[in-house]
Amino acid sequence: MYHRFKKHRLWAWPLMITLVIAVALLASRIGFEEDITKLLPDSGASTVTKKVLETVSFADKIVVNISNPNGEPDALTQFAETYIDSLDGKVSKYIGEIQGRVPENNVMQLYNFVYEHLPFFLDESDYAKIEQQLNQDSIAQRVKNNYKALVSPAGIVTKKFIVKDPLGLTPVGLKKFTQLQLGDNYTLHNGFLITKDHRNLLLFITPALAANETGENTIFIEKLQSLTKHVNKHYENADTKAVLFGSTLYAVANAKQIKKDIQLTISIAMTLLLIILIAFYRKLTVPLIIFTPTVFGALLAIAILYVLKGKISAISLGIGSVLLGITLDYSLHILTHFRNNQNIQALYKDVALPVLMSSLTTAVAFLCLVFVKSEALNDLGIFAAVSVVGASVFALIFIPQVYRFSKQTKPKKTLLDHFSNVQFDKNKPLIVIILVVFIIGLLLFHKVGFDTDLNQMNYQPEELVAAENDLDRVNNNKAKTIYVVSYGSSLNAALNTNNALHRVLAANKQEQQILNYSSVGGVVLSKEAQQEKIDQWQRFWTPKKSDTLLNILRSEGRIFGFKPTVFDQFETLIRTPIEPILYARYQEIDQLYLKEFVTNQPDFATVMSAVKVADDDTEQLYAALNKVSNTLIIDRKQLNEKLLGSLKDDFNALIGYSLIAVIILLLLFYRDILLVLLTIIPIAITWVITLGVMQLLDINFNIFNVIISTFIFGLGVDYSIFITNGLAKEYTNGSRELPTYKTSILLSVITTVLGIGVLIFAKHPALRSISMVSLIGIFTAAIVAFTIQPLLFKFCITRRAAKGLAPLQVRQTLWSLFSFGYFIIGGFIISLLSSLIIPWLPIAKKKKMAVFHRIVSRMMASVLYSNPFVKKKVLNPTGETFDKQCIIIANHASFLDILTVGMLHSNLIYLVKDWVYESPVFGKAVRLAGFYPVSSGIEGGVEHLRTKVEQGYSLIAFPEGSRTDTAKMRRFHKGSFYLAEQLSLDIVPVVIHGTSQISPKGDFIINDGNLTAKILPRISAEDIDYGEGYALRTKKISKYFKGAFTSLQQEVEGVKHYQREVLNNYRYKTCFSEVKKHVSNHIENWYVLANQIDYNASIITLTDDHGALPIYLSYKKPNAKITGILTSQEARKIAQGCFSVKRTTIQFVDLHTVLPSKINVFLLDTLEVDSQMIQDIIKNEEITKIIAGNGKELIASYLTTSFECVIEGECTVWKRRQT
């Protein structure tokens, strides 16, 4: 891609610029939603609940608390008049409504409304009181009082009220309107609501805009605060002032503080970041190069969101811009590798795959946010996912094209370079600390809480806190306010429910289970409730009762000179048929404030009531309210806690989804479970430690910092992927490659800490919590990636290869642990049997021992067969039964040899080493079985063993003395043959094949493979074909045995027998796929080729692979000496790091190395050869055979008549002619 872009740059650059412009234009058309509630998750409630929540509006009022400590009500009302006049002139466009002043015409409007519809505002208790006033004496006293009021100076005002309502029934109805206010600490003075102590007057401003529209509201609040300050100053001498309070003020204060914090911290961070980047890369243009892919990624994400949705949540974009810091990593990785190796081909080979892996895994982790029931978080998931992928791809194309380095000089080492060279995985104190913290984290991580109290996440200025406390003082309580919404398919249905609710609330207040409530339930009635009121009115005012009342009124009135017609209006009131009140008539009454209580849509209506209740009585109230059907309790704090609680559950699931998605992607990339685990385990450790430290520091998750958890997860994945790839490259080449990867990660840590961690200095609690969680997570991820991950990788792969052992594989490791665990447990049980049960069995010792030996033999067989991936085969061509005592000899390359021989027959006695004899696990069983420790000397054990032989036991010995590293057998010791001679025992050779690869010496792993045991013909003690005397027999039987092993090799080793072992040498190396393909294509030729080589040949190979052929030959011909010439220096380094090289005689050299003098086989399999070297090798008179695959034509051109072709084909063989 790089070279194609470079070659066609005349059209490639315009195409790229056009793409960027097109993306930017699309992104510029995006719309924004400022509603922060979009961040809250969908409650998952029922359809009705959702409808209610969408329909009901909670007015976020601004409270103007005007105070006068001297208790001067006129001063309060004068201030209020001035304040309202100022509002009308300067900020009227921002104000929807002002409440708190009651104009006189509103009072009369309300009085007339109640008078005209009096029946609807009276209840049973009112009628009972009226009934008590209808006797002659009460009415006479009432008329007398009315007369006194009329002749008083106030009579001019009270006349019309007395004439219309001589019994004073209307004030009784008016009292129902007190239910509309939550408190009773207020009285009316000069048209304003003031507290009864005359020290406070409250005005309520309903903003025209919602509280979350912080842009316009900021302007409004600034003007309102300026106006308030001005009026306060004007009334300073009157000792009267106003204080503002409300959610809008909190929203604006938070927005301003966040902006201020970010501006300060980011300016510091960017300055430091630019200095660090320029100083490290020593180029002024580097910051521009680094940030360009990030900008493109963000623009691409916004453009795609525009195409998909047309708009994006502003909060998503804000959080997403913080998370964009992760996209800088890709540029840093590319630049750091480019800086260190200055080679385009190496750059793409080393970085392209891990960058794409990191971006895709991170993108998938972010995309899991679409499963969270939050629109803003869904947008964030898409934005972040597209950004990281877009930025990574753009960085891979863009940076190599624009970054220039000096080819003459290597970059100077910086402090970061030196720090990256530190091998933290060798720092034992650091490892111990990490493990201790991890263990603590395991105990504490599940205890990290989730803060659902949004108030704790708000920035709370002191003046607003003081204002809130003062309001609580005014209202005489800090009680909890909940809302109860009555709903229905029509307004009348909702009102009907609300009337029933009102009766429940009234009863609860009377029983003092609630402090107060505000409801229109006793005022705005449904049709059914109105009809009940009408019927009640008519039942009360019977014609007789009406006539009696009117007669008494008129007769008593005549005493004071009232005309008979004075009471005509009242007669009309009680005699005229009552009509129901239409809702439109209710809406005409300003003092009802129906907009705040009632919503009416064509198919759905709601009526809201507010209830003040003590925290201790909440549950009891809920129980009572739940009995009222078609109502919904809305506790705003509890609702937020419920929603945020569901967000916590969503994020818990999200981590699981992300982990599964990342694992799947890593499996697709690595195609190996172990590499996936080595990448994932550090992430899991990071997460546990992060949560543990959070719990220790008493830091909880909240709606803001929990989102950062995806960022930490993404960073952890990135760090782990790059460390895994760095370690794999080191393992491949055997060179120090990891420091380059660590340097780029350190730069990522620095940029992230400067970008987010610096917010620790912010005043806003949400920003500080984001910063704290980020710092803990980022540093933990880096430390774990630098320490634990290399430790795990080296334990599983690198250090094993250095010991000549195959790297671990997950399935084989698990099966091995199972098999060895089974062996240890079984051995322990047998030891218990030998010490606790066998001695006490009331049967003959001979029978007991026979049973015991049978159990031991079955145990050995069961351990061997516990691994189904090891195919077992026993060849017994002579039908040996071991009925006649003998000494069994076998080659010994693995622990499995002991089990293999032990399962052949039960009556066997081993010659063992001291550690077996003294083992705490199976030592007692070994001693009971009569096994003999060879350290005591064979000569001294002859009589003991003779006794065992006489008891019917055969002996087992491994003539090599100890296990070999490979299938190549050592010299046979004489001890076994000495015993055979002394005890006159036949010798039964058992050739074991395959165990050196299945479970090599010094390893606990049981690899997949084929285990074959062949029982050779019994060698009689009298057979002199193998010589007389144990010394001579040792030599001849050894030669016979080794020849038999070679024959067994030919018999059981098929074409692909060692393919698995060869590939294991390259497993986890970056060239594995290439080698695997090469081996698959050539293994058949290699098989033919190997069969042309003697078992103890001295071979030199010249190939263009990664050393796979010499390694194959080392398995096929374990006794051969092999020198491999590799034409590529990189291939030679890879081959030299293969684990098989550590335990064999293979040497890998270059073309110019002085070759061994004694070479009898030359093997060529490459076309890239040095012709002079071929001629020099052929001239070597030691060479008796030349074998060629690729390059056979070249060989043929140099051969002289001293060689003749014996095999021709894909594999051609020449042999030196005999002279």
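The values are calculated or read from the model by the stated rules, or taken from the named source; none is laboratory data. Computed from a predicted structure; not experimentally measured. Cβ coordinates were reconstructed from backbone atoms using ideal geometry, including for glycine residues, and neighbour counts include every protein chain displayed.
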Screening ILE776, ILE721, ILE750 for residues that are closer than 30 Å to GLU462 by Cβ and either in contact (Cβ under 8 Å) with a residue 24 or more places away in the chain or among the small types (Gly, Ala, Ser) (or both) leaves only ILE776
Quick check: is even one residue across the stretch 1015-1038 on the phi > 0 side of the Ramachandran plot and crowded, with 22+ Cβ neighbours inside 10 Å?
no
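Going by the conditions given, is THR752 at pLDDT 85 or above, buried (at least 21 other Cβ atoms within 10 Å of the Cβ) and not hydrophobic (A, V, I, L, M, F, W, C)?
The answer is no for THR752.
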Say whether the condition of being within 16 Å of SER954 (Cβ to Cβ) and among the acidic types (Asp, Glu) is met by at least one residue in the stretch 1005-1016.
no
Looking only at the stretch 616-644, count every residue that is modelled with pLDDT under 80 and surrounded by fewer than 14 Cβ atoms within 10 Å (Cβ to Cβ) and tell me the total.
1
Residues satisfying the stated conditions in the stretch 1004-1014, i.e. under 30 Å from CYS796 (Cβ atoms), surrounded by 14 or more Cβ atoms within 10 Å (Cβ to Cβ) and of a type outside the set (D, E, K, R)
ILE1005, ILE1006, ASN1007, GLY1009, ASN1010, LEU1011, THR1012
Leading residue by the ranking (farthest from the chain's Cα centre (by Cα)) among those in the stretch 342-387 that are of a type in the set (S, T, N, Q) and assigned to a helix (DSSP H, G or I)
GLN345
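If we scan the stretch 1172-1181, do we find a residue that is touching a strand residue (DSSP E or B) at 6+ places or on another chain (Cβ under 6 Å), in contact (Cβ under 8 Å) with a residue 40 or more places away in the chain and surrounded by 13 or more Cβ atoms within 10 Å (Cβ to Cβ)?
Step one: list which residues in the stretch 1172-1181 are touching a strand residue (DSSP E or B) at 6+ places or on another chain (Cβ under 6 Å), which gives 1177.
If we keep only those that are in contact (Cβ under 8 Å) with a residue 40 or more places away in the chain as well, we get 1177.
Subsequent filtering for residues that are surrounded by 13 or more Cβ atoms within 10 Å (Cβ to Cβ) retains 1177.
Among the residues of the stretch 1172-1181, at least one is touching a strand residue (DSSP E or B) at 6+ places or on another chain (Cβ under 6 Å), in contact (Cβ under 8 Å) with a residue 40 or more places away in the chain and surrounded by 13 or more Cβ atoms within 10 Å (Cβ to Cβ), which makes the answer yes.
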What's the total number of residues in the stretch 897-935 that are in contact with a strand residue (DSSP E or B) (Cβ under 6 Å, 6 or more places away or on another chain), at pLDDT below 80 and of a type in the set (Asp, Glu)?
1
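Here is a yes/no grid of residues against (1) in the same structural domain as TYR330 (by TED's automatic domain parsing); (2) modelled with pLDDT under 80; (3) β-branched (Val, Ile, Thr):
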position	(1), (2), (3)
LEU202	no, no, no
ILE205	no, no, yes
ALA211	no, yes, no
ILE221	no, no, yes
GLN225	no, no, no
LEU244	no, no, no
Looking only at the stretch 108-125, how many residues end up being buried (at least 17 other Cβ atoms within 10 Å of the Cβ) and within 18 Å of TRP537 (Cα to Cα)?
9
Can you pull out the residues in the stretch 1021-1049 that are outside any loop (DSSP other than H, G, I, E, B), under 19 Å from ILE888 (Cβ atoms) and not small (Gly, Ala, Ser)?
TYR1030, ARG1033, THR1034, LYS1036, ILE1037, LYS1039, TYR1040, PHE1041, LYS1042, PHE1045, LEU1048
Any idea which of PHE795, PHE779, PHE761 is surrounded by fewer than 20 Cβ atoms within 10 Å (Cβ to Cβ) and either closer than 24 Å to THR414 by Cα or not hydrophobic (A, V, I, L, M, F, W, C) (or both)?
PHE779
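Does the stretch 454-491 hold any residues that are under 30 Å from GLN601 (Cβ atoms) and modelled with pLDDT under 75, and which are they? Full working, then the answer.
Taking the stretch 454-491 as the starting set, the residues that turn out to be under 30 Å from GLN601 (Cβ atoms) are 454, 480-491.
If the condition is that a residue be under 30 Å from GLN601 (Cβ atoms) and modelled with pLDDT under 75, then LEU454 is the only one that fits.
Give the residue that is modelled with the lowest pLDDT, with candidates limited to residues of the stretch 95-107 that are surrounded by 14 or more Cβ atoms within 10 Å (Cβ to Cβ) and under 15 Å from LEU203 (Cβ atoms).
Restricting to residues being surrounded by 14 or more Cβ atoms within 10 Å (Cβ to Cβ) and under 15 Å from LEU203 (Cβ atoms), the top hit is VAL102.
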When the stretch 558-574 is examined, which residues are found to be more than 25 Å from TRP537 (Cα to Cα) and not in a loop (DSSP other than H, G, I, E, B)?
ARG558, ILE559
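What are the residues in the stretch 655-705 that are among the hydroxyl-bearing types (Ser, Thr, Tyr) and within 23 Å of VAL448 (Cα to Cα), if any?
TYR657, SER658, THR686, THR690
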So in the stretch 260-277, with the set limited to residues that are touching a Ser or Thr at 6+ places or on another chain (Cβ under 9 Å) and among the hydrophobic types (A, V, I, L, M, F, W, C), which one is surrounded by the fewest Cβ atoms within 10 Å (Cβ to Cβ)?
ILE276
The one condition PRO287 fails out of (1) assigned by TED's automatic domain parsing to the domain that holds ILE84; (2) within 37 Å of the chain's Cα centre (by Cα) is (1)
Identify the single condition in (1) surrounded by fewer than 24 Cβ atoms within 10 Å (Cβ to Cβ); (2) farther than 30 Å from GLY1137 by Cα; (3) modelled with pLDDT under 90; (4) over 15 Å from the mean Cα position of the chain (by Cα) that SER709 does not satisfy, given that it satisfies every other one.
(4)
Sort out which residues of the stretch 962-1013 are basic (Lys, Arg), farther than 17 Å from VAL901 by Cβ, touching a Ser or Thr at 6+ places or on another chain (Cβ under 7 Å) and touching a residue at least 12 places away in the same chain (Cβ under 8 Å), and write them in order of number.
LYS974
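Per-residue answers, yes or no, for (1) touching a strand residue (DSSP E or B) at 6+ places or on another chain (Cβ under 9 Å); (2) within 19 Å of TRP1086 (Cβ to Cβ); (3) surrounded by 19 or more Cβ atoms within 10 Å (Cβ to Cβ):
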site	(1), (2), (3)
ALA1188	yes, yes, yes
TYR1198	no, no, no
SER1202	yes, no, no
VAL1213	yes, yes, yes
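Yes or no, residue by residue, for (1) out of contact with any Asp or Glu (no Cβ under 8 Å at 6 or more places or on another chain); (2) under 30 Å from LYS260 (Cα atoms):
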position: ASN458; (1), (2): yes, yes
position: VAL465; (1), (2): yes, yes
position: LYS480; (1), (2): no, no
position: ALA494; (1), (2): yes, no
position: ASN498; (1), (2): yes, no
position: GLN512; (1), (2): yes, no
position: SER518; (1), (2): yes, no
position: VAL523; (1), (2): yes, no
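Rundown of residues vs (1) assigned by TED's automatic domain parsing to the domain that holds TYR1095; (2) buried (at least 23 other Cβ atoms within 10 Å of the Cβ); (3) at pLDDT below 85; (4) more than 21 Å from GLU1061 (Cβ to Cβ), yes/no style:
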residue: ASN1119; (1), (2), (3), (4): yes, no, no, no
residue: SER1128; (1), (2), (3), (4): yes, no, yes, yes
residue: CYS1138; (1), (2), (3), (4): yes, yes, no, no
residue: ARG1143; (1), (2), (3), (4): yes, no, no, no
residue: THR1153; (1), (2), (3), (4): yes, no, yes, yes
residue: LEU1163; (1), (2), (3), (4): yes, yes, no, no
residue: GLU1168; (1), (2), (3), (4): yes, no, yes, yes
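May I ask you to say which residue of GLY821, GLY826, GLY804 is at positive phi and over 23 Å from the mean Cα position of the chain (by Cα)?
Unique residue meeting the criteria: GLY804.
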